[in-house]
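Below is one structure; the comments refer to it alone.
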Amino acid sequence: MDNFSTLQSMPAEDKFKLGKKWFWMGIAISFFSAIAGLLYGIVLALEKNYQKEGLIIISVAIIWGIIVFFVIAPILINLIKG
């Protein structure tokens, strides 16, 4: 019973720090791969405590995917064609 009360008395700051670390890792994953960021964001959005972070990561992954598909990819294709 004593262990349970210790877990409940954990300050909210520790939980936020953990969420912040996973949030920024999700943003980094989104920039490396939009599909992986989208999947990671969906997993976080399904968690009760991380729904906002998951939605932000999903939106970053979608926006980054659109930028890569419509802006960066055509520029790279033109550079390759010469």
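Roughly speaking, what is the stretch gain from GLN51 to VAL68, that is 0.36 nm per residue apart minus the C-alpha to C-alpha distance, in nm to one decimal? If you can, show how the numbers build up before the last one.
Numbers: separation 17, 0.36 × 17 = 6.12 nm, distance 2.57 nm.
Stretched fully, the GLN51-VAL68 segment lengthens by 3.6 nm.
For segment 67-74, in order, what is each residue's ³J(HN,Hα) by Karplus, 6.51 cos²θ - 1.76 cosθ + 1.60 with θ = phi - 60°, in whole Hz (x at glycine and Pro)?
After applying 6.51 cos²θ - 1.76 cosθ + 1.60, I find 4, 5, 5, 9, 10, 6, 4, x Hz.
Just so you know, all these numbers are worked out from the coordinates, no wet-lab data involved. Just so you know, these numbers come straight off a predicted model, no measurement behind them.
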